[in-house]
Amino acid sequence: MFGRLLSTQLTTQMRLPVQIEVISLDQLTYDEFMRSISTPTVVMIYHMLPLKGTVLFEFTPGTAISIIERLLGGPGRLPSNPRELTDIEQTLMSNVINKGMQSYREAWKNIIPDLQPVLQTLETNPRFVQVSGPGDSVLVLSFEIRLGESSGSMRMCLPYPTIEDILPQLNRQVFISHQHKEDAEQSGK
């Protein structure tokens, strides 16, 4: 749901068709996730009040630059050589994703009605990102982002300590969603 909502928000903001699709959901250790991030990168760390921990959103630099280029009136093409974002580009990217957090809140509203994402920092070097213990389990959702003719990626990292308190609700929510789907299929016959 988050990907669909974010794609609608980005389409409106960038005046360009944006499609976001979940590619995979993986359970890794935090260390494995961090070692998979290239340098340079764009990592945005959000504290998710009232949850205890943080959530990381990681964008390849090309994806971030493509978004920024489009916002500034360009075609939004992926650059041929990845590079770090300038300070101004970091601010623009933060503004885009901060607006996108409305989509994140909407996607989680049935589980955490008072969710308040607060940006803690944006980093371009993964060595400076430490939000969990190296051996802690994390869920990593990988998304493909298609911006007009270009495509890139975004990953969301949910450390186990962040979602530990809501896991029983997630299991119940999955069951309820599955039941609604089965009921709809049976009533459609």
Count of the stretch 62-84 residues which are open to solvent by less than 50 Å² (accessible area, probe 1.4 Å) and touching a residue at least 24 places away in the same chain (Cβ under 8 Å): 8
In the stretch 3-25, the residues that are within 14 Å of the chain's Cα centre (by Cα) and under 22 Å from Pro61 (Cβ atoms): Gly3, Leu6, Ser7, Gln9, Leu10, Gln19, Ile20, Glu21, Val22, Ile23, Ser24
The stretch 48-61, subset buried (at least 17 other Cβ atoms within 10 Å of the Cβ), of a type outside the set (Ser, Thr, Tyr) and outside any loop (DSSP other than H, G, I, E, B), residue farthest from the chain's Cα centre (by Cα): Pro61
Residue list for the stretch 85-106, filter: buried (at least 16 other Cβ atoms within 10 Å of the Cβ) and outside any helix (DSSP H, G or I): Leu85
Breaking point among (1) at pLDDT 80 or above; (2) open to solvent by less than 70 Å² (accessible area, probe 1.4 Å), for Gln130: (2)
The stretch 26-44 - residue that is part of a strand (DSSP E or B) and either surrounded by fewer than 19 Cβ atoms within 10 Å (Cβ to Cβ) or not β-branched (Val, Ile, Thr) (or both) and, of those, nearest to the chain's Cα centre (by Cα): Met44
Residue list for the stretch 112-126, restricted to those being within 18 Å of Asp165 (Cβ to Cβ) and either free of Cβ contacts under 8 Å to residues at least 12 places away in the same chain or not β-branched (Val, Ile, Thr) (or both): Pro113, Asp114, Leu115, Gln116, Pro117
Failed criterion for Gly74 (all others in (1) farther than 28 Å from Trp108 by Cβ; (2) part of a strand (DSSP E or B) hold): (2)
Residue in the stretch 133-183 that is surrounded by the most Cβ atoms within 10 Å (Cβ to Cβ), counting only those that are under 22 Å from Gln19 (Cβ atoms) and either polar (S, T, N, Q) or at pLDDT below 90 (or both): Leu147
Residue that is surrounded by the fewest Cβ atoms within 10 Å (Cβ to Cβ), among those in the stretch 9-25 that are of a type in the set (Val, Ile, Thr) and within 20 Å of Ser94 (Cβ to Cβ): Thr12
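The values are calculated or read from the model by the stated rules, or taken from the named source; none is laboratory data. Note that the structure is a prediction, hence the values are computed from the model and not measured. Note: ideal-geometry Cβ built from the backbone for every residue, glycine included; neighbour counts use all protein chains shown. Calculation scope for accessible area: heavy atoms of the full protein, side chains included, ligands and nucleic acids excluded. Shrake-Rupley method; radii C 1.70, N 1.55, O 1.52, S 1.80 Å.
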